[in-house]
Amino acid sequence: MTCDLKSLIRTVPDFPVPGVLFRDVTTLISHPTGFAAAIDHLATRAQASGATLIAGMEARGFIFGAAAAARAQLGFLPVRKPGKLPVPTLSVDYDLEYGTDRLEIDPTAIAPGQRVAIVDDLIATGGTALAAAQLLREAGAVVTHAFFVIDLPDLAGAQRLRNAGLVVDALMDFPGH
């Protein structure tokens with residue numbers, strides 16, 4: 001059975017602030033055929049990139065990244081919000097579309113020179129993915145690819161990632177923000 005994956009994305013107007021059209025992947029994740037197709041896409045791209053590890057950002061990047069890693073038979077590294085890891089971490093503060101945040105990783109989970117692909121649900125302004133790439137590179141990883149379910153090209157995040165030396169691929173895109 002095939003399906004139109006883009007039709008499985010719910011659009012929620014005025015969230016988290018007025019004027020924003022929030023692209024909600026919950027409806028895709030809950031659709032077994034659609035979710036499997038999205039994971040197949042991400043896993044295939046990650047394997048083709050030469051990655052041996054997928055890094056996914058908390059929280060929806062955990063869902064897509066871990067599932068794609070399992071499908072591709074690659075390792076998975078969670079990129080966490082602050083204070084969630086019980087070991088010494090590397091961390092970076094970064095700008096979000098609506099404020100600032102921090103990401104952390106366990107640097108011992110990455111071998112020097114290990115090829116790591118970033119996987120997340122959505123690329124908007126690119127701040128989170130850029131911060132993840134910075135952290136992974138500081139830990140010694142080679143990060144050349146980032147894969148997303150959704151791109152919001154009007155916000156230019158994918159271009160920011162390309163300018164930082166990453167190949168970017170998304171399963172679908174939506175206009176606006």
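The values are calculated or read from the model by the stated rules, or taken from the named source; none is laboratory data. Please read these numbers as outputs of a predicted model, since none were measured by experiment. Backbone-built Cβ (ideal geometry, glycine too); neighbour counts: all protein chains shown. Accessible surface areas use protein heavy atoms only, side chains included; no ligands, DNA or RNA. Shrake-Rupley method; radii C 1.70, N 1.55, O 1.52, S 1.80 Å.
Couple of notes before you dig in:
- LEU122 vs. criteria at pLDDT 95 or above and within 18 Å of THR11 (Cβ to Cβ): yes
- Among the residues listed as ARG102, ARG60, the single one being of a type in the set (Lys, Arg), touching a strand residue (DSSP E or B) at 6+ places or on another chain (Cβ under 9 Å) and closer than 24 Å to PHE174 by Cβ: ARG60
- When residues of region 1-12 are limited to those that are open to solvent by 70 Å² or more (accessible area, probe 1.4 Å) and hydroxyl-bearing (Ser, Thr, Tyr), the one modelled with the highest pLDDT: SER7
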